[in-house]
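Everything on this sheet refers to the single structure shown next.
Derivation of every value follows stated rules applied to the coordinates shown; laboratory data play no part. Predicted model only: the values in this text are computed from it and were never measured. Every residue, glycine among them, receives a Cβ derived from its backbone with ideal geometry; neighbour counts consider all protein chains shown.
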């Protein structure tokens, strides 16, 4: 389900937008239009969708139009033409009252400048959006307390912003957005003003929150590493246009233009690519305790593999069996896997980077089992598949 749908959106800054739109349709560049009409093209025929629960990142250099775009989505900036649909409702045609309702109940925004009131306590700042909505003092305080706890500010409720670090102040801004329980979070360069260490902490915080809450997030950044880390999909902008939309892997491995290629050429793919991106689904397994050495050996022979993972009926990883051990067990008329089951095998979570996987694979003949936090088998990685994936992006030389 698409919670946001943007259709052919334009924003022209100036008093003669129609003239600028005519020139755009005739193929004139942004620079030509500015020189001829004095009009600035902020957004040029932008279309995209954001799915419910998706983290969608818009990135680009300064002046690319990304901040103008996000402000058009809640009409802090009025679009020149085109449509923005929130849950199927076109906000570009809404009256002020209906638009205010969308802003108060559906959409919250987090800015680069923390935009918190210096004379109000942390709790009062977090509750401010609810106060504007007209929520009772008791209820808004309860919701603000919950939001502050979510962002790690429990115990700071009665402090003033001046007593907080920059990262903590940004957490207050995030808590204020979350307290209204919006379905959509718009985040405009939300972490850009923070130093690198605090910025990474806030990225981790957002990822953890998203795991629990599954909000629809539209995140603006100029930082490619941040985009790759946060985004389920990424839209890359240049001169008011979107030049490519794709998953982090698609952006990295299949840049659609020379501009995108140049943008991503210095990225260390081994840090960005994850186990989930390179693993293969474990289609060949045996089940414990149902299957024995004969079944394990037969499946390995059938698929020409030298080892096989062993899981239970709930797909929890029990271990691995080697072909030579299974053959010995069959020759000795053994009927279960207990004696030949190798339990000390390398494992990794799906978000483990390829760089970190190298150390787990180096010097080992065993494949790497990719498991979730419940130890359920998700996939398998062998060293060759890692090298092949890096080679796709030009990272490995012949």
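Structure data summary
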{"item": "Rounded Å value of the spacing that divides the Cα centres of the stretch 333-357 and the stretch 253-303", "result": "15 Å"}
{"item": "Rounded FRET efficiency, nearest 0.05, which uses the C-beta distance separating residue 324 from residue 8 and R0 of 56 Å", "result": "0.35"}
{"item": "Average silhouette area of the chain, convex hull of alpha-carbon atoms, in square nanometres", "result": "25.6 nm²"}
{"item": "Mean projection area, nm², convex hull over Cα of the stretch 50-141", "result": "7.9 nm²"}
{"item": "Projected label distance in nm at residue 154 and residue 349, using a 7 Å step from Cα toward the beta-carbon", "result": "2.0 nm"}
{"item": "Relative contact order %, the stretch 63-188, counting alpha carbon pairs below 8 Å whose residues are six or more apart", "result": "33 percent"}
{"item": "0 to 90° range, to nearest 10: angle between helix 383-392 axis and the chain longest Cα axis", "result": "30 degrees"}
{"item": "Paramagnetic reach from residue 266 (point 7 Å along Cα→Cβ, amide N under 13 Å) across the stretch 217-254", "result": "223-225"}
{"item": "Approximate spin-label separation residue 61-residue 257, in nm, with each point projected 7 Å along Cα-to-Cβ", "result": "1.2 nm"}
{"item": "Residue 336 paired with residue 304, simple spin-label distance in nm, labels 7 Å along Cα-to-beta-carbon", "result": "3.5 nm"}
{"item": "GNM top mover of 332, 372, 74 - the chain, alpha-carbon springs below 10 Å", "result": "332"}
{"item": "Cα pair count fraction exceeding 22 Å, expressed as % - the stretch 185-260", "result": "26 percent"}
{"item": "The chain: angle of helix 96-105 to the longest principal axis, Cα-based, in degrees nearest 10", "result": "30 degrees"}
{"item": "Most mobile listed residue (328, 257, 274) in the chain, GNM with C-alpha springs under 10 Å", "result": "328"}
{"item": "Per residue Cα convex hull volume in Å³ - calculated over the stretch 1-154", "result": "156 Å³"}
{"item": "Two-site FRET efficiency, residue 208 against residue 35, from Cβ-Cβ distance with R₀ of 56 Å, rounded to 0.05", "result": "0.70"}
{"item": "Beta bridges by DSSP in the chain, antiparallel share as percent, to the nearest 5", "result": "60 percent"}
{"item": "Degrees, to the nearest 10: 293-302 long Cα axis against longest axis of the chain", "result": "70 degrees"}
{"item": "Whole-Å semi-axes of the stretch 277-392's equivalent ellipsoid (Cα gyration tensor)", "result": "26, 15, 12"}
{"item": "Taking 1, 277, 59 and counting other C-beta atoms within 10 Å, the order from fewest to most", "result": "1, 277, 59"}
{"item": "Cα convex hull of the stretch 155-291, projected area averaged across orientations, nm²", "result": "13.3 nm²"}
{"item": "The chain: calculated mean residue ellipticity at 222 nm from DSSP helix runs of at least 4, using -39500 (n - 2.57)", "result": "-11000 deg cm²/dmol"}
{"item": "Volume per residue of the C-alpha convex hull in the stretch 337-376, rounded to whole Å³", "result": "78 Å³"}
{"item": "Residue-span extension gain [residue 51 to residue 75] - 0.36 nm each, minus C-alpha spacing", "result": "6.6 nm"}
